[in-house]
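All remarks here apply to the structure that follows.
The values are calculated or read from the model by the stated rules, or taken from the named source; none is laboratory data. Nothing here was measured: the structure is a model prediction, and the numbers come from that model. Cβ: placed from backbone, ideal geometry, glycine included. Neighbour counts: every protein chain shown.
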Amino acid sequence: MKKIIILAICVVFTLASKAQSNKDEIALVQSAFGMSKQEMVKSFMKLSANESTAFWAIYDQYEAARKEIGKKRIANISAYADNYAELTGEKAAELMDNSFKIQSDFLALQKKTFKKLSKELSPLRAAQFTMFESFIENSIRTEIMDSVPLIGEFDVKK
């Protein structure tokens, strides 16, 4: 019975991960927060007319890069789901290395965006956005991790 449940979880998760798109991400943010991410940023940042043009240009660049990083994260999670039942040490190391690289890429993107926003707006406004973005990112990561079984969470041998 446990094997069937584990298999079902892995299959559903794999299919869901492979079907993940920007629309799915938007739906996740909207379900968690009740509005689109851009609406949340706009509401939170309360940009002046002078700040708005520069901010949204930088934000659009940031979002494009963040979405590409998100695709890599989904691919890595999907690979984990594909290998969960028979995960080897070698594959686990590969998946963790990928995960560390993805996290590093995201932090580098945040740092780059912080520098741009600091120059165009101010370091305080840049920090405000970066902290808000970290909150959103951590919320999304928590939602994803809540649906991913931990290594050894299910005993697949019984």
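Taking the conditions exactly as written (in contact (Cβ under 8 Å) with a residue 24 or more places away in the chain, part of a helix (DSSP H, G or I) and under 21 Å from residue 40 (Cβ atoms)), does residue 117 satisfy them or not?
Working: in contact (Cβ under 8 Å) with a residue 24 or more places away in the chain: yes; part of a helix (DSSP H, G or I): yes; under 21 Å from residue 40 (Cβ atoms): yes.
When the stated conditions are applied, residue 117 passes them.
The lone criterion from (1) of a type outside the set (A, V, I, L, M); (2) in a loop (DSSP other than H, G, I, E, B); (3) surrounded by 12 or more Cβ atoms within 10 Å (Cβ to Cβ) left unmet by residue 101 is number (2).
Specify which of the listed residues (73, 125) is crowded, with 17+ Cβ neighbours inside 10 Å and closer than 28 Å to residue 52 by Cβ. Even if it seems obvious, please write down each step before you answer.
Details: 73 fails: closer than 28 Å to residue 52 by Cβ.
From the options 73, 125, the qualifying one is 125.
Selection of first residues in the stretch 52-79 that are over 28 Å from residue 125 (Cα atoms) and in contact (Cβ under 8 Å) with a residue 40 or more places away in the chain and of second residues that are hydrophobic (A, V, I, L, M, F, W, C) and not in a helix (DSSP H, G or I), restricted to Cβ pairs under 8 Å at least 6 apart or on distinct chains, gives the following pairs, ordered by first then second residue: 77/148.
For the structure I just gave you, tell me whether residue 93 is without any contact (Cβ under 8 Å) to a residue 60 or more places away in the chain and over 22 Å from residue 143 (Cβ atoms). For residue 93, the condition - without any contact (Cβ under 8 Å) to a residue 60 or more places away in the chain and over 22 Å from residue 143 (Cβ atoms) - is met.
When the criteria are applied in full, residue 110 meets the requirement of being in a helix (DSSP H, G or I), closer than 24 Å to residue 72 by Cα, at pLDDT 95 or above and not charged (D, E, K, R).
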